[in-house]
Number of protein chains: 2
Amino acid sequence: MIEVKDKINIGLIGLGTIGGGVAKILHDKADSITKQVGIPLVLRRVADLDDTRKDSLPDPGVFTTDARSILEDPEIDIVIELIGGEKPAKDFIEEAIRQNKHVVTANKEILAKYGPELLAMSDERQVGLFYEASVGGGIPLIAPLKRNLQVNNITSIHTIINGTTNYILTRMEKAGLEFSAALKEAQDLGYAEANPTSDIEGFDAAYKIAILATIAFHTDVRPDDVYHEGISRMASQDFRYAGELGYAIKLLAIAKKEGDSIQVRVHPVFIPDDMLLAKVDGVFNAVQIEGDLTGRVILYGRGAGSEPTANVVVADAIHIARSINLGTELQPELPLDAPKLIKPISEIETRYYIRMTIADQPGVLAQITRVFGDNLISISSAIQKEVDSTVQSTEIVIMTHTAKEQAMQQAIDQMKKLEVVKEINNLIRVED
Amino acid sequence: MIEVKDKINIGLIGLGTIGGGVAKILHDKADSITKQVGIPLVLRRVADLDDTRKDSLPDPGVFTTDARSILEDPEIDIVIELIGGEKPAKDFIEEAIRQNKHVVTANKEILAKYGPELLAMSDERQVGLFYEASVGGGIPLIAPLKRNLQVNNITSIHTIINGTTNYILTRMEKAGLEFSAALKEAQDLGYAEANPTSDIEGFDAAYKIAILATIAFHTDVRPDDVYHEGISRMASQDFRYAGELGYAIKLLAIAKKEGDSIQVRVHPVFIPDDMLLAKVDGVFNAVQIEGDLTGRVILYGRGAGSEPTANVVVADAIHIARSINLGTELQPELPLDAPKLIKPISEIETRYYIRMTIADQPGVLAQITRVFGDNLISISSAIQKEVDSTVQSTEIVIMTHTAKEQAMQQAIDQMKKLEVVKEINNLIRVED
């Protein structure tokens with residue numbers, strides 16, 4: 001059935017920071033958008049439970065607290081879901097697709113947890129489900145991965161994909177702040193939430209790398225498959241040592257393909273300070289993609305914020321709207337390959353930085369190096385510093401050659417039992 | 001008319017470096033491509049005037065020296081044009097479109113000179129004309145600019161878009177080579193052609209920035225609109241001074257929008273060495289795009305080479321082939337806005353670095369600073385060095401505050417007439 005429309009109607013669910021940005025762009029850039037689509041994109045209805053938010057709308061008359069009135073409105077062509085979180089967002093997205101509406105969302109949690117099922121559902125209904133905004137904010141990422149980089153055999157992704165943690169790590173490095181002070185500063189500036197767990201502990205990055213790995217490797221990667229650690233154990237000394245050794249410390253989300261298995265993990269890493277990723281500071285994000293044909297490609301930009309994220313939400317809506325207006329159906333999703341084995345973290349091999357506090361007495365280093373040796377881990381360098389004469393302890397930093405994670409964890413357990421080891425202060429993996 | 005096809009046929013014109021890469025990818029990745037398209041992409045015919053190249057083909061039987069046999073073959077759906085240059089490539093592209101064939105090309109010269117007409121022609125025939133490979137090699141660039149960044153009001157593009165010149169400048173900076181030695185090295189490594197004029201003098205970059213500016217600003221920008229200078233006047237001293245002053249020297253292609261007018265230019269620039277673009281070394285390319293919504297976005301990767309470029313050629317072909325197989329027509333081009341005024345170089349305002357050789361005698365600096373003052377150019381810093389006592393000359397470097405190009409050119413003319421000025425060695429614009 002070909003229907004000639006004189007406008008495309010949008011229903012927006014969620015009028016928070018990004019939702020407000022979307023409403024503003026649709027209003028402020030209406031002329032430019034109409035030119036791109038061919039006919040106007042009209043914000044027909046906006047739902048949010050918080051009634052006070054309606055005053056931020058150019059036209060408060062379209063406001064409702066009832067999201068169902070959007071899902072059930074047969075005039076609405078595209079539903080934009082921006083409430084975030086799992087419930088009731090997932091129900092809303094499913095219902096919109098069931099009603100044959102196209103969906104645009106920034107919801108990383110839902111895409112990471114249920115993306116393959118939802119995309120299959122939208123393909124079946126021949127509607128679009130677009131989620132460029134779910135990863136990397138204003139950086140064009142999902143569309144280029146799906147279209148331009150797919151001929152590639154993508155072998156790895158290394159990404160700084162959480163602006164909050166990158167801001168905190170940058171301030172710890174550049175201003176010598178401790179973690180808690182840097183977090184406080186990020187919260188004061190609105191870069192970190194009051195409850196920062198999702199960012200700080202790597203959950204947010206885990207959702208995002210699950211989405212990227214699924215697209216890049218054509219395989220099903222869910223958040224539960226992603227090993228993740230946060231940054232709260234980082235201390236200012238770690239940054240000083242990293243600087244001396246020629247490294248930067250970043251929270252990386254990493255996905256690698258090795259034969260038929262893949263590894264997907266989020267944790268702080270030492271990266272050489274001449275890598276471009278090491279120069280990505282503050283709230284900026286960057287995604288480094290290695291492929292057999294393209295070599296290294298890096299996409300960099302603002303990973304969060306109202307305007308950059310709202311920009312890609314509206315760009316997705318324009319893409320859908322053009323296709324509705326021109327009658328040029330959207331290309332369906334590529335089917336995923338058979339599931340690949342996800343390597344447990346204990347199986348990975350990497351180099352390590354270990355910082356520990358030890359007793360300041362003869363023979364200590366010999367005991368420690370013996371533990372490494374017993375576990376077949378070879379040491380590439382060691383730094384000993386800062387004797388605290390009042391407590392007769394000293395700090396040492398050890399960099400290892402490539403070792404198996406399992407062996408390293410075993411060595412750490414054994415060292416903890418040594419009387420001369422007062423504390424294992426930090427263990428950070430190294431990526432070259 | 002809906003036609004059910006069991007394969008999509010490709011005709012490839014031009015079996016040089018990139019063409020060879022395309023043939024290899026279509027062969028080596030046939031299974032993966034078939035999965036993406038739904039049906040096989042078949043390389044039905046390959047044309048090149050050089051008969052000896054056929055042996056590089058997986059199936060030499062498809063080779064011909066007659067490109068017309070591709071254009072006239074009704075079974076061919078997609079023509080890939082990779083011979084480069086204006087003639088006869090333009091005729092081939094036009095003829096392919098006239099025969100209702102989709103076209104994929106890496107031809108920057110033709111896109112820059114005739115893009116708007118050719119795209120109008122392909123829209124009218126409802127076939128695709130894709131040219132991702134014409135700019136930035138393996139970097140996803142054209143598609144993201146068209147799709148993800150279009151809601152933005154793009155205000156500027158700063159790009160390192162020519163790998164040959166970036167390799168030469170990198171070697172001059174890092175190894176202290178002079179231009180001629182660095183060029184020789186680039187030629188030996190296959191990064192520069194035997195006749196390097198197009199790269200070295202900025203023609204190649206001018207074509208590319210014309211293409212990008214046309215898309216970013218929705219306006220018609222042709223190579224003749226692009227002011228360009230090359231890098232052959234760079235000397236090792238310039239890099240030493242740049243380093244001392246906290247800058248890197250890069251050949252940038254720049255497009256900026258200022259109200260209703262735009263400026264588009266290619267020339268060497270000083271950029272602060274803490275900018276990410278300053279870290280883009282060797283044959284890598286990077287494109288920095290500033291928009292009102294996204295802020296700064298940077299896309300980085302290999303700008304040339306057989307595999308990265310062939311990758312995006314094949315990705316474009318896959319995009320078209322999927323659409324043919326699925327019956328989901330391709331979205332047409334956006335129409336361009338009314339032409340914008342292109343600002344002549346004499347009207348731009350920027351800061352400058354000037355290196356000159358002067359007589360080593362009292363009162364010289366006073367004469368020079370007077371010329372600057374007379375032209376309303378204020379000096380921000382000056383370095384005087386390297387007295388050559390045998391010829392009684394000395395070298396000075398002056399950094400200015402923002403000044404108009406016209407004023408600067410006038411000052412240069414006046415200084416050349418001063419007896420105490422032996423030579424104006426270099427004038428390089430500064431971008432912050």
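Under 5 Å from the amide H of residue A:262 lie the amide H atoms of A:341, A:342, A:343, each residue being 5 or more positions distant or on a separate chain, with H modelled from the backbone and absent for Pro and chain starts. For the protein assembly as shown, the share of DSSP beta bridges that are antiparallel, to the nearest 5, is 70%.
Between the Cα long axis of helix A:163-175 and the first principal axis of chain A there is an angle of about 40°, rounded to the nearest 10.
Considering only DSSP beta bridges whose two residues both sit in chain B, what percent are antiparallel, to the nearest 5?
Values: 54 of 78 bridges.
Taking every DSSP beta bridge with both residues in chain B, the antiparallel ones total about 70 percent.
The angle separating the long axis of helix B:108-124 from the principal Cα axis of greatest extent in chain B is about 40 degrees. Nearest 10 degrees, 0 to 90: what angle lies between the long axis of helix A:405-417 and the longest principal axis of chain A (Cα atoms)? It is inclined by approximately 50 degrees. Under 5 Å from the amide H of residue A:351 lie the amide H atoms of A:403, A:430, each residue being 5 or more positions distant or on a separate chain, with H modelled from the backbone and absent for Pro and chain starts. With θ taken as phi - 60° and the Karplus curve 6.51 cos²θ - 1.76 cosθ + 1.60 applied, the whole-hertz 3J(HN,Hα) list for the range A:241-256 is 5, 4, x, 4, 8, x, 10, 10, 10, 9, 7, 9, 9, 10, 10, 9 Hz, x standing for glycine and proline.
In percent, how large is the relative contact order of the range A:328-424, given Cα pairs closer than 8 Å and 6 or more residues apart? Spell out each step's value before the answer.
Values: 139 pairs, mean separation 36.5, N = 97.
It comes to 38 percent, rounded to a whole number.
Under 5 Å between amide hydrogens, built in the peptide plane, is the criterion, and for residue A:229 it picks out A:266, A:267 among residues at least 5 positions away or on other chains. Residue exposure proxy: A:391, B:420, B:127, B:46, ordered by other Cβ atoms within 10 angstrom of their Cβ from fewest to most, comes out as A:391, B:420, B:127, B:46. Computed over chain A, relative contact order equals 16 percent, with contacts defined as Cα pairs under 8 Å that lie 6+ residues apart.
With its label point put 7 Å out from Cα toward Cβ, residue B:56 sits 5.6 nm from the same residue's point in the other copies, in order from shortest. Each of B:262, B:210, B:152 was placed along the dipole of the range B:142-302 (beta-carbon charges, centred on the mean Cα), and the one lying farthest toward the positive end is B:152.
Counting other Cβ atoms within 10 Å as a rough exposure proxy, the listed residues A:343, B:184 run B:184, A:343 from fewest neighbours to most.
Let me spell out the model: positive unit charges on the Cβ of Lys and Arg, negative unit charges on the Cβ of Asp and Glu, origin at the Cα centre of the range A:298-432. What dipole size does that give, in debye rounded to 20? Write down the numbers at each step before the final one.
On the way: 13 positive and 18 negative charges, 34 e Å.
Result for the range A:298-432 is approximately 160 debye, rounded to the nearest 20.
For residue B:243, inter-copy separations between label points set 7 Å beyond Cα along the Cβ vector come to 2.3 nm, shortest first. Between this copy and the others, label points of residue A:369 are 6.2 nm apart in ascending order, each placed 7 angstrom from Cα in the Cβ direction. For the range B:212-217, the Karplus equation 6.51 cos²θ - 1.76 cosθ + 1.60, evaluated at θ = phi - 60°, returns couplings of 5, 5, 4, 6, 5, 9 Hz by residue, with Gly and Pro reported as x. Using Cβ point charges alone (K and R +1, D and E -1), the dipole size of the protein assembly as shown about the Cα centre works out to roughly 500 debye.
About its Cα centre, how strong a charge dipole does chain A have in debye, to the nearest 20, once Lys and Arg get +1 and Asp and Glu get -1 at the Cβ?
Details: 45 positive and 63 negative charges, 116 e Å.
Rounded to the nearest 20 debye, it is 560 debye.
Listed values for the range B:70-77 are Karplus-derived 3J(HN,Hα) couplings in whole Hz (6.51 cos²θ - 1.76 cosθ + 1.60, θ = phi - 60°), namely 7, 5, 9, 7, x, 7, 7, 8, and x replaces Gly and Pro. Comparing A:116, A:268, A:335 in a Gaussian network model of chain A (Cα springs below 10 Å), the most mobile by mean-square fluctuation is A:335.
When A:8, A:383, B:139, B:348 are ordered from fewest to most other Cβ atoms inside 10 Å of their Cβ, what list results?
Working: A:8 25, A:383 14, B:139 29, B:348 18.
Arranged by neighbour count, lowest to highest, A:8, A:383, B:139, B:348 become A:383, B:348, A:8, B:139.
Of the Cα atoms belonging to the range A:346-430, the radius of gyration and Dmax stand at 12.3, 41 Å. Total lysine pairs in the range B:142-302 at Cα distances under 19 Å, for residues eight or more apart or on different chains: 11.
Where a number appears in this text, it was derived from the coordinates with a stated rule and is not lab data. Values in this document were obtained by computation on a predicted structure and should not be read as measured data. Using ideal geometry, Cβ is built from the backbone for each residue, glycine included, and neighbour counts are taken over all protein chains shown.
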